[in-house]
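Written out below as structure tokens is the structure these notes cover.
The values are calculated or read from the model by the stated rules, or taken from the named source; none is laboratory data. Predicted model, so just to flag it, every value in this text is computed and none were measured. Using ideal geometry, Cβ is built from the backbone for each residue, glycine included, and neighbour counts are taken over all protein chains shown. Surface areas here come from the heavy atoms of the whole protein model, side chains and all, with no ligands, DNA or RNA. Shrake-Rupley method; radii C 1.70, N 1.55, O 1.52, S 1.80 Å.
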Amino acid sequence: MNLSGKSIRTFIGAKSYTISRRFYHDLGFEEIITSPKMSYFHIEDFGFYLQDAYVKDWIDNSMIFFEVNDLDSTLKHVRDLRLTDNYENVRLSEIVYNDWGNEFFLHDPSGILWHFGNFNLLP
């Protein structure tokens, strides 16, 4: 039998579980509470587990890449949410253009680094 699957779901922590839950709701994720200290956040079939746990070295080294279809529209949508105005420590970049594809960055309230991007087609 070959390895097969349906999804990969990362686990991330939160400096303030309450603030992070609100942030991900505002960003557009739906929440399924799995226990008093953990929730599953998803958009369509893509998701992750948010834990009420904070380990600075873990959080400081956590990154998530979210591949999107339309990077410009996604950046406009995220910018229009005004997350940087509504949450302390949240940062949003402009689009960075690379040889492999393009991306912009969003830091969540705990410092988790999100890469929103798309890839160039291979020849």
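Values as computed for the structure displayed
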item: Which numbered condition H77 misses (of (1) open to solvent by less than 80 Å² (accessible area, probe 1.4 Å); (2) farther than 26 Å from G5 by Cβ); result: (1)
item: Selected residue (criterion: nearest to F116 (Cα to Cα)) from residues of segment 28-63 that are part of a helix (DSSP H, G or I) and either of a type in the set (S, T, Y) or out of contact with any strand residue (DSSP E or B) (no Cβ under 8 Å at 6 or more places or on another chain) (or both); result: D60
item: Lone qualifier among E94, E88 - being surrounded by fewer than 16 Cβ atoms within 10 Å (Cβ to Cβ), touching a Leu at 6+ places or on another chain (Cβ under 9 Å), of a type outside the set (A, V, I, L, M, F, W, C) and not in a helix (DSSP H, G or I); result: E94
item: So I19, is it closer than 22 Å to T84 by Cα and either touching a helix residue (DSSP H, G or I) at 6+ places or on another chain (Cβ under 9 Å) or free of Cβ contacts under 8 Å to residues at least 60 places away in the same chain (or both); result: no
item: Failed item in (1) open to solvent by 30 Å² or more (accessible area, probe 1.4 Å); (2) touching a Gly at 6+ places or on another chain (Cβ under 6 Å), with G101 passing the rest; result: (1)
item: Per-region count, segment 29-57, residues without any contact (Cβ under 8 Å) to a residue 40 or more places away in the chain and either open to solvent by less than 40 Å² (accessible area, probe 1.4 Å) or not aliphatic (A, V, I, L, M) (or both); result: 19
item: Search result, residues across segment 6-28 that are more than 13 Å from the chain's Cα centre (by Cα), open to solvent by less than 80 Å² (accessible area, probe 1.4 Å) and over 11 Å from P109 (Cβ atoms); result: S7
